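Since every read-out is calculated from the coordinates, none of them should be taken as a lab result. Predicted, not measured: the structure shown is a model, and the values here were computed from it. When we count neighbours, we look across all protein chains shown, and the Cβ atoms used for this are built from the backbone with ideal geometry, even at glycine.
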Amino acid sequence: MTAFTGTWRLVRLALRRDRIQLPIWLVSLILIEAATVSSIVGLYPDEEERLNLAITSANSPVSLMTNGLVSGSSLGATTMTQGLAVLGLGVAFMSTLAVIRHTRQNEETGRAEMIGAGIVGRHANLTAALIVVAGANVVFALLAALTLIGNDLPVASSVLAGASLGFVGIAFAAIAAVTAQISETSRGANGMAAAAIGLAFLLRAVGDVAGKTVEGGTKTISAWPSWLSPIGWSQQTRAYDDDNWWVFGIFVVTVVGLVGLAFELTAHRDVGAGMRAVRPGATTAPPGLLSPLGLAWRLQRGVLFGWAVAMLVLGATYGGVGDEIADMVSDSDEMADLIERLGGAGTLTESYFATTLAFGGIAASGYAIQTLLRMRAEEAAMRVEPVLATSVSRTRWMWSHIVIAMLGVTALVVLMGLSTGLTYGLVIGDVGGQVPPLVGAALVQVPAALALAGLAVAAFGLLPHRAVAIAWTGFALCLLMGQLGAILDLPQAVLNLSPFTHLPAAPADDVVATPLIMLLVVAAALLATGMAAFRRRDVAQG
Amino acid sequence: MTTAISISGLVKNFGRTRALDGLDLSVAAGEVHGFLGPNGSGKTTTIRILLGLLRADAGQASLLGGDPWNDAVELHRRLAYVPGEVNLWPNLSGGEVIDLFGALRGGLDPKRRSELLERFDLDPSKKCRTYSKGNRQKVAVVAAFASDVELFILDEPTSGLDPLMESVFQDCVNELMQDGRTVLLSSHVLAEVEALCDRVSIIRLGQTVESGTLAELRHLTRTFISVEAVRPITGLAELPGVHDLLVDGAHARFDVDTAEIGRTLRHLTQFDVSSLTSTPPTLEELFLRHYGDELAREQEAMETTA
């Protein structure tokens, strides 16, 4: 028996378990890709329009940040810049979640112990997970390439474009293989992997915003931070322009290194254990723990602290490059004119911050969903039963989690506004003048984030077994509408479904109270529905 | 005698599966009541309904004079619960969990807490993720027994405990009983129920099939008798209530319905009995009698497939 014995059996087990989940991921991502590609091909048939768009995008920090570099104005290159950056995030999450589902989650639930007692080698579990996820990414890459070819784009470049997205997924699968060894819980491993994805996106954003524009304003030469990010590498392949196949070499070296590290870590730890030894805890409980709210805080604080760090970094990064925008604009009056018309009513920098803070608002709603779905996790693991068998009412138990989520969301956007304002203020030497308006603008995001959080609570109350899928689908749709709504040319009625659509673009636009109040009403109604439903239903195990 | 738990005609469906099918249960205040049944017979479902975690589809249930669903919070101040499968928060220590449950229930006695920790030999500083199944069970048991409540609902509380800890557990339940507390003890460890319980209810497929004191239930079963006489024994086969008879001259072995013991003994005396042993029925046999037909069917099915 070698360390890899039993791998194929475990591959078949993983495929069987994922027979619904992975196809849903693949089909959704391909549908998004197909819609984006055909929409762009339809919107920009005209070479001159594409040239304008390329110049605008290459000089818009907002576009550089969210979409990434610009590399030419051919139809294919336009498609890559305008639509495909967000897909890299999609495949990254598909891959990290799947790897951890088949590795650390198996260990955490004790399934790995039963598997390991069979004729199964030490490395079989991780190898099987990586094979399945790599396979999913190959399928995705092929389908993505076929979609592009189907839109009459050049074949070789389309294959390169598909492969560059598939490699993003494989790179993050390798990162997840390492985080699955380090953390003892799948929650922790997923958190670390998500942080890596966020960091990769941020590094690329900084690198592209800080980069130079050449070739008549149609090509971004990214600064070095972009080269530290797998998402950056996928864009540096510059499909339909330079077709840099050699960039895949960086992917291959990185993936081999990370997978080797993961195997090395597996060999040096016990099944079920993480890399850190478990320290003994307190023999008696501190008084702060002894209430439903105290318990919820204890269970949830780690997640909040992690998000707080992420939001601080995000805000500081966006704030730090905020001054670049003024430089770009001063280069050309014509450009400033054009960008200002696209960006909104306020100054260009204000439109930029409106975009970054809106992104922060969606991110904060992700925190709220994660926090609120902990209620479902507690229920499914049957940890809620002994709590509800004490003199704690269902309403009080739910409130304890909801209060933390609501205050947490508020704290997170304030932190982001604060760090944006501080760094930007420091750069331009006006801290006092920048912090209050940016914190205020950040707070505008709260009602929309709470409305989306309300969906998670309502789903938990009404459809507990589907709550996780419903809440995260809602989140993904809102994120997509924010990122791709304009490109996909979605009807306003569809865009209106996202609470974030209704927010004023603060600090660029004036804040109007009506939509904020309406969103709070929606949030309250969803919360009330979820709580009433949970009071009436059976406590349901996993 | 007041009633702590009173259930009649309780029905609970999960989709198309009928988990409880008109279950009856009555537990008097101050008694230790055994709640017996094989896996999947509906014990845990009944307990979850009593705790207000599930809503019954039909039938009545009353707990400490209140309604388990509507008065859940008030009622829970007066009871402690040990789940059959104890799942704890991996990053909390055992001591923290014990204090937490105590506080959520309305307080616990610190002296009793440390005494129980010692008796159950439990290290409260360990994180719950490092506890074995048995140790997690101990955390729940200590948290429950350290609470000053009227009613204890224990769902297979000794699963995972070693024999030494089982006996500590039995001592604790006996102390509760002497203290006048009510205990509902669901179990399929028959020896435990026999040692602890005043009355038992046996359920099967969501229905109560037998309920009463152990003496009453034994009354319904057979006693095994082995007898040695001076003269050859005759005429036993004609007596009512005698089963599985084996006669070998002056020696006989048989089961007799407990109601017929007197008549049988009077018959035996005419042969000049020299030695006699009688073995009262165990709960095990009681149990087997209720599930015997099922077991027989299973055996038959196995033989046909073999």
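Values computed for the structure shown
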{"quantity": "Listed residue (A:Pro154, A:Ala35, A:Phe167) projecting farthest to the positive dipole end of chain A, Cβ model", "calculated": "A:Phe167"}
{"quantity": "Calculated from backbone phi, Karplus (6.51, -1.76, 1.60) coupling profile of segment A:178-187 in Hz, x at Gly/Pro", "calculated": "6, 5, 5, 7, 7, 8, 7, 10, 5, 4"}
{"quantity": "Segment A:1-275: proportion of alpha-carbon pairs further apart than 27 angstrom, %", "calculated": "40"}
{"quantity": "Exposed-loop-free span, longest in chain A, where trypsin sites (Lys or Arg not before Pro) count as exposed if DSSP calls them loop and at most 12 other C-beta atoms lie within 10 Å", "calculated": "A:277-542"}
{"quantity": "Cubic angstrom per residue, convex hull over Cα atoms of segment B:3-217", "calculated": "115"}
{"quantity": "Under 13 Å from A:Lys212, Cα to Cα: aspartates and glutamates that are on another chain or at least 8 residues apart", "calculated": "A:Glu324, A:Asp327, A:Asp331"}
{"quantity": "Charge dipole (chain A, unit charges on Cβ, about Cα centre) - positive-most of A:Phe500, A:Phe248, A:Val384", "calculated": "A:Val384"}
{"quantity": "Residue-wise HN-Hα coupling along segment B:39-46, computed from phi with Karplus coefficients 6.51, -1.76, 1.60 (Hz; x: Gly, Pro)", "calculated": "4, x, 8, x, 4, 5, 4, 4"}
{"quantity": "Efficiency of FRET from Cβ geometry, A:Arg396 and B:Phe14, R₀ 41 Å, rounded to 0.05", "calculated": "0.95"}
{"quantity": "B:Arg266 versus A:Ile221: modelled label distance in nm, points set 7 Å from Cα along the beta carbon direction", "calculated": "11.8"}
{"quantity": "Student exercise, segment A:291-542 dipole from Lys, Arg, Asp, Glu Cβ charges, in Debye to nearest 20", "calculated": "2040"}
{"quantity": "Other-chain or far-sequence residues with amide H under 5 Å of B:Ile203's (modelled H)", "calculated": "B:Leu36, B:Gly37, B:Val209"}
{"quantity": "Length-normalised contact order of segment B:222-280 in % [C-alpha pairs under 8 Å, at least 6 apart]", "calculated": "51"}
{"quantity": "Virtual spin-label span in nm between A:Val313 and A:Val511, 7 Å along Cα→Cβ", "calculated": "2.8"}
{"quantity": "Residue-span extension gain [A:Ala486 to A:His465] - 0.36 nm each, minus C-alpha spacing", "calculated": "4.2 nm"}
{"quantity": "Choice from B:Ala56, B:Ala259, B:Ala29 showing the highest fluctuation, given a GNM over chain B with Cα pairs closer than 10 Å", "calculated": "B:Ala259"}
{"quantity": "Chain A - charge dipole about Cα centre, Lys and Arg +1 at Cβ, Asp and Glu -1, debye rounded to 20", "calculated": "3180"}
{"quantity": "Net lengthening on full extension, B:Asp57/B:Thr282 (0.36 nm per residue, minus Cα-Cα)", "calculated": "77.4 nm"}
{"quantity": "Rounded to whole Å, sorted largest first: equivalent-ellipsoid semi-axes of segment A:291-542, Cα gyration tensor", "calculated": "37, 20, 14"}
{"quantity": "Dipole magnitude of segment A:1-275 about its Cα centre (Cβ charges: Lys, Arg +1; Asp, Glu -1), debye to nearest 20", "calculated": "1000"}
{"quantity": "A:Ala476-A:Ala3 FRET efficiency (beta carbon distance; Förster radius 41 Å; 0.05 resolution)", "calculated": "0.65"}
{"quantity": "Hydrodynamic radius by Kirkwood, which averages 1/r over all alpha carbon pairs of segment A:350-435, in angstrom", "calculated": "15.2"}
{"quantity": "Spatial separation of Cα centroids for segment A:296-318 and segment A:57-127, in angstrom", "calculated": "22"}
{"quantity": "For segment B:47-72 and segment A:161-215, distance of Cα centres in Å", "calculated": "50"}
{"quantity": "Isotropic mean projected area of the C-alpha convex hull, segment B:222-280 (nm²)", "calculated": "3.2"}
{"quantity": "Rounded FRET efficiency, nearest 0.05, which uses the C-beta distance separating A:Leu199 from A:Val431 and R0 of 25 Å", "calculated": "0.45"}
{"quantity": "For segment B:191-211 versus segment A:345-409, the gap between their alpha-carbon centres in whole angstrom", "calculated": "46"}
{"quantity": "Per-residue ³J(HN,Hα) for segment A:291-305, Karplus 6.51 cos²θ - 1.76 cosθ + 1.60, θ = phi - 60°, Hz, x for Gly and Pro", "calculated": "7, x, 5, x, 5, 4, 4, 4, 6, 9, 5, x, 4, 5, 4"}
{"quantity": "Chain B: angle of helix B:283-305 to the longest principal axis, Cα-based, in degrees nearest 10", "calculated": "80"}
{"quantity": "Angstrom value of the Kirkwood radius, inverse mean 1/r, which spans all Cα pairs in chain A", "calculated": "24.4"}
